[in-house]
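The values are calculated or read from the model by the stated rules, or taken from the named source; none is laboratory data. This one's a predicted model, so the numbers in the text were calculated from it and none came from an experiment. No Cβ is skipped: glycine too gets one built from the backbone with ideal geometry, and neighbour counts run over all protein chains shown. The area values use the complete protein model at the heavy-atom level, side chains included, leaving out ligands, DNA and RNA. Shrake-Rupley method; radii C 1.70, N 1.55, O 1.52, S 1.80 Å.
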Amino acid sequence: MRPPRPFRPRPAGPSVSGLRQFALFAAIGVVNTGVYYAVYTVLNIWLPYLAAHAGGYAVGVTGSFLLNSAITLRTRPTWRGFVRYPLSGVVSLVCSGVLLHLAVTRLRMDEHLAAIAAGALVTPLSFLLARWAIISGVRDPVTEGASSR
């Protein structure tokens, strides 16, 4: 029998795993932006621009959910997470819109730079909300097996 491991408090900052997840989330976001734009561009050949936008957005959200579930969070996608995932995007959209408005009207920033800044500032919140949407309620087979004994 091994002696118990000594208690070591965790550092107050973000974990290495959390930083890795955030970096993967951001990289998937960049790829997803390209996928959205490619789908939008192709659909816009035959469809009005708003319909093409909706199609690109639907493909983008679905791809982002699946990639972030499998790669970033290493979990199986669930229907519950899939339904909640776009809601996390709505909160991020509203927050970035408020920041964009404040940067342009109060700080007199250029609209294009303000959009980039607002997106960058909201990305950590987007990550936390997306992670919540995907993993909240996911059953953990390790703890489930231990609790049923």
Handout entry: Residue check for Pro86: under 30 Å from Met109 (Cβ atoms) and open to solvent by less than 80 Å² (accessible area, probe 1.4 Å)
Key = yes
Practice task
For residues that are more than 21 Å from the chain's Cα centre (by Cα) and in a helix (DSSP H, G or I), scanning just the range 89-132, find the one that is surrounded by the most Cβ atoms within 10 Å (Cβ to Cβ).
Solution key: Ala103
Handout entry: Count of residues meeting criterion [without any contact (Cβ under 8 Å) to a residue 40 or more places away in the chain, within 21 Å of Gly60 (Cβ to Cβ) and among the hydrophobic types (A, V, I, L, M, F, W, C)] in the range 79-108
Key = 9
Problem - Residues located in the range 34-78, provided they are loosely packed, with under 14 Cβ neighbours inside 10 Å and farther than 21 Å from Ala130 by Cβ - result: Ala38, Thr41, Val42, Ile45, Trp46, Pro48, Tyr49, Leu50, Ala51
Handout entry: Pairs, first touching a residue at least 12 places away in the same chain (Cβ under 8 Å) in the range 22-48, second assigned to a loop (DSSP other than H, G, I, E, B) and exposed (fewer than 13 other Cβ atoms within 10 Å of the Cβ), C-beta under 8 Å, six or more apart
Key = Phe22/Pro14
Problem - Considering residues of the range 1-42 that are at pLDDT 80 or above and small (Gly, Ala, Ser) only, the residue farthest from Leu125 (Cα to Cα) - result: Ala38
